[in-house]
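Let me begin by presenting the structure, written as structure tokens, before commenting on it.
The values are calculated or read from the model by the stated rules, or taken from the named source; none is laboratory data. Note that this is a predicted model, so its numbers are computed, not measured. We place every Cβ from the backbone using ideal geometry, glycine too, and count neighbours over all the protein chains shown. Please note that ligands, DNA and RNA were not included when accessible areas were found on the heavy atoms of the full protein model with its side chains. Shrake-Rupley method; radii C 1.70, N 1.55, O 1.52, S 1.80 Å.
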Amino acid sequence: MEIPVKYMLTDIIKSKTKDGKDYLRTILCDKEGARRNGIMFESDKLDFDPQNGNIVEAIGILQTYAGQDQLKINSMKLLTDADPADFLPKKGLDADAMFEELSTILIENINDEYLTKLVDAFLSDEDAVALFKKMPAAKSVHHAYLSGLLEHTLSIVKMAAMLGDFYKEMVNKEQLILGALFHDVGKIQELQAGTGLEYTDSGKLLGHLVLGVEILNVYISKIDGFPAETKFLLNHMILSHHGFLEFGSPKKPKTPEAFILHHLDDMDAKLNTFASIFEKEGVESGWSGYDRLLERQLYKHS
């Protein structure tokens, strides 16, 4: 007897077969945070219209398609009393404690008149802060769980403060910290607030680098006399933090602060990926399997 399993639906694509029959593709997210491809033929026979974020009970057959596991869904029932938060990947992080630590670092390290006002503008934006504390940093790859964006940002800000002191002769520490704070803020608009597991239209069309600059500049526009050069330098850090044009940055890092931010972001993301791979594969010591993104096996030692 096939047992129904509860999933959240994301990334739904509705289409038709060559003979004109309806079908849908979707990503199925279970309560353990696992994501699996799903396909359902004759989806027009469902008694509801599937939408991203729906919680369903599905029965299907696991099969392999194009080298990946896929659930061929035979039946699906909409659940109206399920909590979507139960189906989002999570690590048990204390978002309030992390945000308090982040706020303390900002308050203790930012003294410039205009940058202080910029920090205050962000910290007092309740809607943005609520999303910032909740969002994953990505759908997959790194920090892809609730409050992952905050965890990642806190790590970058802490390291930015340390390196700002170490390279104080050539680095503007306060600008570096603000670049670290805002480098991924666009993700609060790039990802869906409801699920955090799919991209918004603006996320697909613009991406979080451009969205982040827009968010930052709205705060800056409300601060009288904010220096134009400081605005451009902060914008540059956001736009260049992926480091290379082929990785989505419209500009390569051209200031010491932007260069540092790029490498901090890359390092923190990749080390989180290391940890995720070891956890996913149950590696306590020795080698992981080959990872296509990192293009290598990973070794965990004592």
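Just a few scattered comments:
- Yes/no for Lys158 being under 21 Å from Phe232 (Cα atoms), open to solvent by 60 Å² or more (accessible area, probe 1.4 Å), at pLDDT 95 or above and assigned to a helix (DSSP H, G or I): no
- Between Gly203, Gly243, Gly286, the distinction of being closer than 22 Å to Gly148 by Cβ, open to solvent by less than 30 Å² (accessible area, probe 1.4 Å) and out of contact with any His (no Cβ under 7 Å at 6 or more places or on another chain) belongs to Gly203 only.
- Residues (without any contact (Cβ under 8 Å) to a residue 60 or more places away in the chain and either assigned to a strand (DSSP E or B) or in the same structural domain as Leu146 (by the TED database) (or both)) located in the range 60-74: Gly60, Ile61, Leu62, Gln63, Thr64, Tyr65, Gln68, Asp69, Gln70, Leu71, Lys72, Ile73
- Hey, His263 in the same structural domain as Tyr145 (by the TED database), part of a helix (DSSP H, G or I), farther than 13 Å from Leu178 by Cβ and open to solvent by 20 Å² or more (accessible area, probe 1.4 Å) or not: yes
- Residue count for the range 3-49, restricted to those that are more than 20 Å from Asp69 (Cβ to Cβ), open to solvent by 90 Å² or more (accessible area, probe 1.4 Å) and of a type in the set (Phe, Trp, Tyr): 0.
- Failed item in (1) in a helix (DSSP H, G or I); (2) open to solvent by 20 Å² or more (accessible area, probe 1.4 Å); (3) not aliphatic (A, V, I, L, M), with Phe122 passing the rest: (2)
- Close pairs (6 angstrom Cβ cut-off, 6 or more residues apart or separate chains): on the phi < 0 side of the Ramachandran plot and of a type in the set (Asp, Glu) in the range 287-302, modelled with pLDDT of 95 or more and open to solvent by less than 70 Å² (accessible area, probe 1.4 Å) anywhere: none
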